[in-house]
Amino acid sequence: MQAIKFFKEFLAAPVHVGAFAASSSYLAEATASAAELEEASVVVEFGPGTGVITRKILPKMRQDARLMAIEIREDFAKIMREKYPEVTTVHGGAEETAKHLQEHFGVDQCDCIVSGLPWAGFEEALQDRLLDAVDEALKPGGRFVTYTYFQSPLLPGGKRFRHKLRERFSETGETSMIWLNLPPAFVYWGVK
Ligand SMILES: C[S@@+](CC[C@H](N)C(=O)[O-])C[C@H]1O[C@@H](n2cnc3c(N)ncnc32)[C@H](O)[C@@H]1O
């Protein structure tokens, strides 16, 4: 049922949703592992969709840590609230992360941001707005993690995004290719 829902959301908003199916558990595991969540007390997930990465994030978090998921599509936010009542799901834009953190957790910044946003398909102004929001909401030394499909570094939007990550973070890295995802994908990480 959720696979059909995901596909329908993709047809309704292809640029926002950016994929016709949710990430595989292999990619979700690689993304959540790259976040190194052992020490984090406040974690934010961008674009959880149906929550496949959320499922891998939760067991990696400290018991007293809090997770906020920010999802722009109302139906996905509803699914998230039903599946993960322990997660604070906000129906809204990642562009306003600092505001959501203050409103729901009473803090200005978080330790880690795990993103499921389809960055390579976003135009430059939106990439900049979202990366400004990451910068505003992430503590110094905080970790930003996102995944991308194998072909994105060859596309103009994906090339630009990779360049911006290298410019904006003091340290960046990539995992090896996760071939068992469809399409194959890998994970970028950056330390502020
Ligand atoms: C490629 S899907 C990833 C879904 C899920 N994380 C996964 O890996 O299967 C991208 C998700 O980002 C959400 N999204 C897109 N732009 C957003 C924004 N500005 N703020 C919050 N969520 C956004 C979409 O609605 C969708 O759920």
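Counting only strands (runs of 3 or more DSSP E) that fall entirely inside the range 120-192 and contain at least 2 residues that are in contact (Cβ under 8 Å) with a residue 60 or more places away in the chain and buried (at least 21 other Cβ atoms within 10 Å of the Cβ), the qualifying elements are 138-149, 185-191. When both residues are 6+ apart or on different chains and their Cβ atoms are under 8 Å apart, which pairs have a first residue that lies in the range 90-114 and is on the phi < 0 side of the Ramachandran plot, and a second that is aromatic (Phe, Trp, Tyr) and surrounded by 20 or more Cβ atoms within 10 Å (Cβ to Cβ)? Listed pairs, sorted by first residue: 94/46; 97/46; 112/144; 113/46; 113/144; 114/46.
Looking across the range 132-162 at every residue that is under 17 Å from the mean Cα position of the chain (by Cα) and of a type in the set (Lys, Arg), the one that is nearest to residue 36 (Cα to Cα) is identified as 143. Residues that are touching a helix residue (DSSP H, G or I) at 6+ places or on another chain (Cβ under 8 Å), among the aliphatic types (A, V, I, L, M) and not in a loop (DSSP other than H, G, I, E, B) within the range 68-100 comprise 68, 69, 70, 79, 80, 90, 94, 98, listed in sequence order.
Across the range 31-54, what is the number of residues that are near the ligand (Cβ under 10 Å from one of its atoms) and either farther than 22 Å from residue 92 by Cβ or in a helix (DSSP H, G or I) (or both)? Lay out the reasoning, then the answer.
At the first step, the residues of the range 31-54 found to be near the ligand (Cβ under 10 Å from one of its atoms) are 31, 45-54.
Keeping just the survivors that are either farther than 22 Å from residue 92 by Cβ or in a helix (DSSP H, G or I) (or both) gives 31, 52-54.
Total meeting the criteria: 4.
There is at least one residue in the range 33-52 that is in contact with a Ser or Thr (Cβ under 9 Å, 6 or more places away or on another chain), surrounded by 15 or more Cβ atoms within 10 Å (Cβ to Cβ) and charged (D, E, K, R).
Checking residue 72 against (1) within 13 Å of the ligand (Cβ to nearest atom); (2) surrounded by fewer than 23 Cβ atoms within 10 Å (Cβ to Cβ); (3) without any contact (Cβ under 8 Å) to a residue 60 or more places away in the chain; (4) more than 21 Å from residue 138 (Cα to Cα), which single condition isn't satisfied? In the conditions (1) within 13 Å of the ligand (Cβ to nearest atom); (2) surrounded by fewer than 23 Cβ atoms within 10 Å (Cβ to Cβ); (3) without any contact (Cβ under 8 Å) to a residue 60 or more places away in the chain; (4) more than 21 Å from residue 138 (Cα to Cα), residue 72 misses (4) alone.
Scanning the range 159-188 for residues that are closer than 19 Å to residue 132 by Cβ and at pLDDT 95 or above gives 160, 161, 162, 163, 164, 165, 166, 167, 168, 169, 172, 188.
Summed over the range 4-30, the residues that are within 14 Å of residue 116 (Cα to Cα), among the small types (Gly, Ala, Ser), assigned to a helix (DSSP H, G or I) and more than 8 Å from the ligand (Cβ to nearest atom) give a count of 2.
State whether the residues of the range 2-20 include one that is touching a residue at least 24 places away in the same chain (Cβ under 8 Å) and in contact with a Leu (Cβ under 7 Å, 6 or more places away or on another chain). No, the range 2-20 has no match at all.
The values are calculated or read from the model by the stated rules, or taken from the named source; none is laboratory data. Quantities reported herein were computed from a predicted structural model and do not represent experimental measurements. Don't worry about glycine lacking a Cβ; one is built from the backbone with ideal geometry, like all the others, and counts go over all protein chains shown.
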